[in-house]
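The values are calculated or read from the model by the stated rules, or taken from the named source; none is laboratory data. Keep in mind the model is a prediction, meaning the values are calculated, not measured. Reconstructed Cβ throughout: ideal geometry from the backbone, glycine too, with neighbour counts over all protein chains shown. Remember, those area values only see protein heavy atoms, side chains included, never the ligands or the DNA or RNA. Shrake-Rupley method; radii C 1.70, N 1.55, O 1.52, S 1.80 Å.
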Amino acid sequence: MTRILTVAGAQMGPIQRADDRASVIERMLALLHRAHRRGAGLVVFPELALTTFFPRWVIDDQAEVDAWFEAGMPNPAVQPLFDAARTLGIGFYLGYAELTHEGGRTRRFNTAILVDETGTILGKYRKVHLPGHAEPDPARLHQHLEKRYFEVGDLGFPVWRTLGGVMGMCICNDRRWPETYRVMGLQGVEMILLGYNTPAQNAQGGEEVHLRMMHHHLCIQAGAYQNSSFVVAVAKAGLEDGHDLIGGSCIAGPTGAIVALATTQKDELIVADCDLDQCAFGKASVFDFAAHRRPEHYGRITAQTGATPPP
Ligand code: CDV
(Lines give C-alpha, C1' and ligand atoms only; values in the text may rest on other atoms or scores of the structure.)
Protein backbone atom coordinates (compact mmCIF):
# COMPACT_ATOMS: atom_id res chain seq x y z
CA MET A 1 0.00 0.00 0.00
CA THR A 2 1.06 3.58 -0.46
CA ARG A 3 -0.36 6.62 1.28
CA ILE A 4 1.56 9.48 -0.20
CA LEU A 5 1.55 12.98 1.27
CA THR A 6 3.70 15.35 -0.75
CA VAL A 7 5.15 17.79 1.73
CA ALA A 8 7.15 20.97 1.18
CA GLY A 9 9.50 22.58 3.66
CA ALA A 10 9.42 26.33 3.01
CA GLN A 11 12.78 27.45 4.38
CA MET A 12 12.97 31.21 4.76
CA GLY A 13 16.00 33.43 4.47
CA PRO A 14 16.48 36.12 7.10
CA ILE A 15 13.73 38.52 8.17
CA GLN A 16 15.27 41.79 9.28
CA ARG A 17 13.93 43.84 12.18
CA ALA A 18 12.69 46.51 9.77
CA ASP A 19 10.76 44.06 7.55
CA ASP A 20 7.00 44.36 7.98
CA ARG A 21 4.46 41.50 8.07
CA ALA A 22 3.21 42.34 4.57
CA SER A 23 6.62 41.77 2.95
CA VAL A 24 7.05 38.50 4.86
CA ILE A 25 3.61 37.23 3.88
CA GLU A 26 4.42 38.05 0.25
CA ARG A 27 7.46 35.76 0.46
CA MET A 28 5.41 33.05 2.14
CA LEU A 29 2.70 33.25 -0.51
CA ALA A 30 5.34 32.84 -3.22
CA LEU A 31 6.61 29.71 -1.45
CA LEU A 32 3.06 28.39 -1.00
CA HIS A 33 2.29 28.81 -4.71
CA ARG A 34 5.58 27.14 -5.70
CA ALA A 35 4.80 24.27 -3.34
CA HIS A 36 1.38 23.86 -4.92
CA ARG A 37 2.91 23.77 -8.41
CA ARG A 38 5.19 20.96 -7.19
CA GLY A 39 2.21 18.95 -6.00
CA ALA A 40 2.50 19.55 -2.25
CA GLY A 41 -0.51 19.01 -0.02
CA LEU A 42 1.22 20.50 3.02
CA VAL A 43 3.76 23.31 3.52
CA VAL A 44 5.85 23.76 6.65
CA PHE A 45 7.07 27.27 7.53
CA PRO A 46 9.69 28.10 10.22
CA GLU A 47 9.37 28.99 13.91
CA LEU A 48 8.35 32.65 14.47
CA ALA A 49 7.97 32.86 10.72
CA LEU A 50 6.31 36.27 10.56
CA THR A 51 9.07 38.37 12.14
CA THR A 52 12.74 38.58 12.93
CA PHE A 53 13.81 36.33 15.82
CA PHE A 54 13.08 39.08 18.37
CA PRO A 55 14.12 37.10 21.52
CA ARG A 56 17.70 38.05 20.67
CA TRP A 57 16.84 41.60 21.71
CA VAL A 58 16.43 42.99 25.24
CA ILE A 59 13.21 44.98 25.04
CA ASP A 60 11.94 46.64 28.23
CA ASP A 61 8.86 48.35 26.86
CA GLN A 62 5.96 45.84 26.95
CA ALA A 63 4.11 47.54 24.11
CA GLU A 64 7.22 47.18 21.96
CA VAL A 65 7.47 43.50 22.91
CA ASP A 66 3.82 42.92 22.10
CA ALA A 67 4.25 44.38 18.63
CA TRP A 68 6.12 41.14 17.74
CA PHE A 69 3.10 39.05 18.80
CA GLU A 70 -0.12 38.09 17.02
CA ALA A 71 -3.18 38.88 19.16
CA GLY A 72 -5.47 36.89 16.86
CA MET A 73 -5.05 34.10 14.34
CA PRO A 74 -5.85 34.53 11.55
CA ASN A 75 -5.53 38.32 11.57
CA PRO A 76 -5.73 40.72 8.62
CA ALA A 77 -1.97 40.52 7.94
CA VAL A 78 -1.90 36.71 7.62
CA GLN A 79 -5.40 36.25 6.15
CA PRO A 80 -3.98 36.06 2.57
CA LEU A 81 -2.08 32.93 3.59
CA PHE A 82 -5.27 31.27 4.84
CA ASP A 83 -7.14 32.40 1.69
CA ALA A 84 -4.44 30.96 -0.56
CA ALA A 85 -4.44 27.67 1.37
CA ARG A 86 -8.17 27.32 0.80
CA THR A 87 -7.98 28.32 -2.88
CA LEU A 88 -5.08 25.99 -3.61
CA GLY A 89 -6.32 23.19 -1.35
CA ILE A 90 -3.05 23.01 0.60
CA GLY A 91 -2.43 22.79 4.34
CA PHE A 92 0.33 24.56 6.29
CA TYR A 93 2.24 24.71 9.58
CA LEU A 94 2.96 28.22 10.80
CA GLY A 95 5.10 29.31 13.74
CA TYR A 96 4.33 32.65 15.40
CA ALA A 97 4.39 34.52 18.72
CA GLU A 98 0.94 34.14 20.29
CA LEU A 99 -0.63 36.73 22.60
CA THR A 100 -3.81 35.52 24.22
CA HIS A 101 -6.12 36.37 27.11
CA GLU A 102 -6.97 33.24 29.06
CA GLY A 103 -8.15 32.76 32.62
CA GLY A 104 -8.35 36.51 33.14
CA ARG A 105 -4.72 37.19 32.26
CA THR A 106 -2.54 37.95 29.28
CA ARG A 107 -0.38 35.06 28.17
CA ARG A 108 2.38 34.79 25.57
CA PHE A 109 3.56 31.60 23.88
CA ASN A 110 5.90 30.50 21.11
CA THR A 111 3.24 28.73 19.05
CA ALA A 112 2.67 26.69 15.91
CA ILE A 113 -0.63 25.94 14.21
CA LEU A 114 -1.64 23.31 11.70
CA VAL A 115 -4.04 24.61 9.07
CA ASP A 116 -5.83 22.18 6.77
CA GLU A 117 -6.50 22.44 3.04
CA THR A 118 -9.76 24.35 3.69
CA GLY A 119 -7.88 27.09 5.54
CA THR A 120 -9.20 25.92 8.92
CA ILE A 121 -6.98 25.80 12.01
CA LEU A 122 -6.97 22.14 13.06
CA GLY A 123 -4.45 22.15 15.84
CA LYS A 124 -2.23 24.28 18.01
CA TYR A 125 1.06 23.52 19.76
CA ARG A 126 2.85 25.76 22.28
CA LYS A 127 6.63 25.30 22.63
CA VAL A 128 7.52 23.28 25.71
CA HIS A 129 11.34 23.34 25.75
CA LEU A 130 12.09 27.07 25.84
CA PRO A 131 15.86 27.60 25.57
CA GLY A 132 17.92 30.52 26.81
CA HIS A 133 17.34 32.78 29.80
CA ALA A 134 14.99 35.37 31.27
CA GLU A 135 17.38 38.13 32.34
CA PRO A 136 19.96 39.85 30.12
CA ASP A 137 23.30 38.08 30.50
CA PRO A 138 26.34 40.06 29.28
CA ALA A 139 28.52 36.92 29.61
CA ARG A 140 26.75 35.38 26.63
CA LEU A 141 27.93 35.96 23.08
CA HIS A 142 24.37 36.91 22.19
CA GLN A 143 21.10 37.04 24.06
CA HIS A 144 18.42 34.36 23.73
CA LEU A 145 15.52 35.58 25.84
CA GLU A 146 12.78 33.08 25.10
CA LYS A 147 12.32 32.47 28.84
CA ARG A 148 11.67 36.21 29.25
CA TYR A 149 9.09 36.62 26.53
CA PHE A 150 7.23 33.28 26.54
CA GLU A 151 5.54 30.95 29.01
CA VAL A 152 6.23 27.24 28.81
CA GLY A 153 3.66 25.63 26.52
CA ASP A 154 0.65 24.14 28.27
CA LEU A 155 -0.80 21.88 25.58
CA GLY A 156 1.61 18.93 25.73
CA PHE A 157 2.43 17.13 22.48
CA PRO A 158 -0.90 16.19 20.90
CA VAL A 159 -1.28 14.61 17.45
CA TRP A 160 -4.04 15.00 14.88
CA ARG A 161 -5.48 12.59 12.32
CA THR A 162 -5.61 14.73 9.18
CA LEU A 163 -4.20 15.06 5.64
CA GLY A 164 -4.30 11.28 5.36
CA GLY A 165 -2.07 10.56 8.36
CA VAL A 166 -1.28 11.16 12.02
CA MET A 167 0.44 14.54 12.36
CA GLY A 168 2.32 16.11 15.27
CA MET A 169 4.08 19.40 15.89
CA CYS A 170 7.00 20.75 17.89
CA ILE A 171 9.22 23.82 17.72
CA CYS A 172 12.99 24.25 17.38
CA ASN A 173 14.69 23.36 20.69
CA ASP A 174 12.05 20.65 21.27
CA ARG A 175 13.87 18.62 18.61
CA ARG A 176 16.90 18.13 20.85
CA TRP A 177 14.84 16.25 23.47
CA PRO A 178 13.95 12.60 22.77
CA GLU A 179 10.88 12.92 25.01
CA THR A 180 9.32 15.22 22.40
CA TYR A 181 9.30 12.55 19.73
CA ARG A 182 8.46 9.65 22.04
CA VAL A 183 5.34 11.28 23.49
CA MET A 184 4.09 11.71 19.92
CA GLY A 185 5.42 8.26 18.95
CA LEU A 186 3.23 6.78 21.68
CA GLN A 187 0.24 8.31 19.88
CA GLY A 188 1.23 6.69 16.58
CA VAL A 189 2.60 9.82 14.95
CA GLU A 190 3.54 9.47 11.27
CA MET A 191 4.77 12.97 10.49
CA ILE A 192 6.24 15.54 12.88
CA LEU A 193 6.36 19.15 11.69
CA LEU A 194 8.83 21.58 13.18
CA GLY A 195 10.14 25.04 12.48
CA TYR A 196 13.39 26.43 13.92
CA ASN A 197 15.68 29.44 14.32
CA THR A 198 19.09 28.05 15.29
CA PRO A 199 21.96 30.49 15.77
CA ALA A 200 25.18 29.31 14.12
CA GLN A 201 26.97 30.01 17.39
CA ASN A 202 26.31 28.65 20.89
CA ALA A 203 25.68 31.78 23.00
CA GLN A 204 27.59 30.18 25.87
CA GLY A 205 30.73 29.63 23.81
CA GLY A 206 32.34 26.30 23.12
CA GLU A 207 34.04 25.25 19.94
CA GLU A 208 30.95 23.93 18.30
CA VAL A 209 30.23 26.21 15.32
CA HIS A 210 31.20 23.40 12.94
CA LEU A 211 29.04 20.94 14.90
CA ARG A 212 25.75 22.88 14.89
CA MET A 213 24.49 21.38 11.65
CA MET A 214 25.55 17.89 12.70
CA HIS A 215 23.70 18.19 16.02
CA HIS A 216 20.60 19.42 14.19
CA HIS A 217 20.52 16.52 11.74
CA LEU A 218 21.51 14.00 14.42
CA CYS A 219 18.42 14.91 16.49
CA ILE A 220 16.03 14.94 13.54
CA GLN A 221 17.24 11.63 12.16
CA ALA A 222 17.27 9.90 15.56
CA GLY A 223 13.76 11.15 16.38
CA ALA A 224 12.47 9.95 13.01
CA TYR A 225 14.13 6.52 13.25
CA GLN A 226 13.32 5.79 16.90
CA ASN A 227 9.64 6.56 16.36
CA SER A 228 9.38 5.39 12.75
CA SER A 229 7.95 8.72 11.64
CA PHE A 230 8.71 11.38 9.06
CA VAL A 231 10.14 14.60 10.50
CA VAL A 232 9.91 17.81 8.48
CA ALA A 233 12.33 20.39 9.90
CA VAL A 234 12.33 23.89 8.46
CA ALA A 235 14.69 26.77 9.21
CA LYS A 236 14.73 30.48 9.16
CA ALA A 237 18.29 30.88 7.91
CA GLY A 238 21.04 33.31 7.00
CA LEU A 239 22.31 36.60 8.37
CA GLU A 240 19.40 38.11 10.32
CA ASP A 241 19.98 41.44 12.07
CA GLY A 242 23.72 40.63 12.14
CA HIS A 243 23.19 37.13 13.61
CA ASP A 244 23.89 34.03 11.58
CA LEU A 245 21.20 31.31 11.60
CA ILE A 246 21.92 27.82 10.28
CA GLY A 247 19.89 26.48 7.36
CA GLY A 248 19.90 22.75 6.76
CA SER A 249 16.12 22.33 6.46
CA CYS A 250 15.44 18.67 5.88
CA ILE A 251 12.86 15.92 5.67
CA ALA A 252 13.84 12.68 7.38
CA GLY A 253 12.00 9.45 6.68
CA PRO A 254 11.02 6.72 9.16
CA THR A 255 14.32 4.88 8.56
CA GLY A 256 16.16 7.98 9.78
CA ALA A 257 17.48 8.74 6.29
CA ILE A 258 17.25 12.31 5.01
CA VAL A 259 15.10 12.38 1.88
CA ALA A 260 15.25 16.12 1.12
CA LEU A 261 17.79 18.74 2.16
CA ALA A 262 18.10 22.49 1.61
CA THR A 263 21.32 23.76 0.07
CA THR A 264 21.04 27.52 0.65
CA GLN A 265 20.37 29.94 3.49
CA LYS A 266 17.63 31.69 1.53
CA ASP A 267 13.94 31.22 0.79
CA GLU A 268 14.07 27.69 -0.59
CA LEU A 269 11.58 24.89 -1.07
CA ILE A 270 12.40 21.27 -0.29
CA VAL A 271 9.84 18.71 -1.42
CA ALA A 272 9.37 14.99 -0.78
CA ASP A 273 6.72 12.43 -1.59
CA CYS A 274 6.23 10.87 1.83
CA ASP A 275 4.62 7.45 1.84
CA LEU A 276 3.10 7.38 5.30
CA ASP A 277 2.65 3.61 5.01
CA GLN A 278 6.46 3.34 5.29
CA CYS A 279 6.03 4.16 8.98
CA ALA A 280 4.35 0.83 9.64
CA PHE A 281 7.43 -1.39 9.31
CA GLY A 282 9.49 0.24 12.08
CA LYS A 283 6.42 0.53 14.30
CA ALA A 284 5.80 -3.22 13.93
CA SER A 285 9.42 -4.40 14.27
CA VAL A 286 12.36 -2.80 16.15
CA PHE A 287 10.13 -0.04 17.52
CA ASP A 288 7.06 -2.12 18.31
CA PHE A 289 6.51 -0.18 21.53
CA ALA A 290 3.91 -2.55 22.98
CA ALA A 291 6.32 -5.48 22.62
CA HIS A 292 9.59 -3.90 23.71
CA ARG A 293 9.19 -0.81 25.89
CA ARG A 294 9.84 -1.15 29.65
CA PRO A 295 8.17 1.89 31.25
CA GLU A 296 8.63 0.39 34.73
CA HIS A 297 12.30 1.38 34.34
CA TYR A 298 11.68 4.87 32.98
CA GLY A 299 10.30 6.54 36.12
CA ARG A 300 13.16 9.04 36.37
CA ILE A 301 12.22 10.51 33.00
CA THR A 302 9.11 12.12 34.48
CA ALA A 303 10.15 12.25 38.16
CA GLN A 304 13.18 14.55 37.86
CA THR A 305 14.69 17.24 35.66
CA GLY A 306 18.40 17.64 36.58
CA ALA A 307 20.87 14.76 36.74
CA THR A 308 21.74 13.32 40.18
CA PRO A 309 25.09 11.52 39.96
CA PRO A 310 26.06 9.19 42.84
CA PRO A 311 28.02 10.80 45.73
N1 CDV B 1 14.92 28.91 18.78
C2 CDV B 1 15.52 27.90 19.43
O3 CDV B 1 14.87 27.14 20.14
N4 CDV B 1 16.85 27.80 19.29
C5 CDV B 1 17.65 26.81 19.99
C6 CDV B 1 19.02 27.34 20.30
C7 CDV B 1 18.98 28.43 21.30
C8 CDV B 1 19.93 26.23 20.83
C9 CDV B 1 17.79 25.54 19.15
O10 CDV B 1 17.63 24.45 19.73
O11 CDV B 1 18.13 25.61 17.97
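Quick notes
- Pairwise centroid distance, computed over Cα atoms, of segment 231-271 with segment 21-49, Å: 14 Å
- Stokes-Einstein diffusion for segment 12-70 at 10 °C, viscosity 1.306 mPa s, with a Kirkwood radius from C-alpha pairs, works out to 122 µm²/s.
- With Rh defined as the Kirkwood radius, the inverse of the mean 1/r over Cα pairs, the Rg/Rh of the chain is 0.95.
- Using the Cβ of Ala237 as centre and a radius below 14 Å, the other residues enclosed give a net charge of -2, where K and R count +1 and D and E count -1.
- A simple spin-label model places the labels of Met214 and Glu179 2.7 nm from each other, with each point 7 Å out along Cα-to-Cβ.
- Spatial separation of Cα centroids for segment 158-198 and segment 274-311, in angstrom: 15 Å
- Each peptide in 148-154, 86-92 gets a packing score, the mean of other Cβ atoms within 10 Å over its residues, and the list from highest to lowest is 86-92, 148-154.
- For segment 280-290, the Karplus equation 6.51 cos²θ - 1.76 cosθ + 1.60, evaluated at θ = phi - 60°, returns couplings of 5, 4, x, 5, 9, 10, 4, 10, 6, 4, 4 Hz by residue, with Gly and Pro reported as x.
- Share of carbon and sulfur in the accessible heavy-atom surface of the chain [1.4 Å probe, %]: 57 percent
- Ligands, DNA and RNA are left out, and with a 1.4 angstrom probe the accessible area of the chain is 44 Å² per residue.
- Calculated FRET value between Gln187 and His142, using beta carbons and R₀ = 45 Å, to 0.05: 0.80
- Positive minus negative residues near Pro76 (Lys, Arg vs Asp, Glu; Cβ under 12 Å): -1
- Each peptide in 250-258, 24-32 was scored by the mean count of other Cβ atoms within 10 Å over its residues; highest first, the order is 250-258, 24-32.
- Beta bridges per DSSP, both residues in segment 31-120: antiparallel share near 75 percent.
- Sorting 2-9, 59-66 by average packing, meaning the other beta carbons within 10 Å per residue, from highest down gives 2-9, 59-66.
- All other residues whose Cβ lies under 12 angstrom from that of Leu193 are scored, Lys and Arg at +1 and Asp and Glu at -1, for a net of -2.
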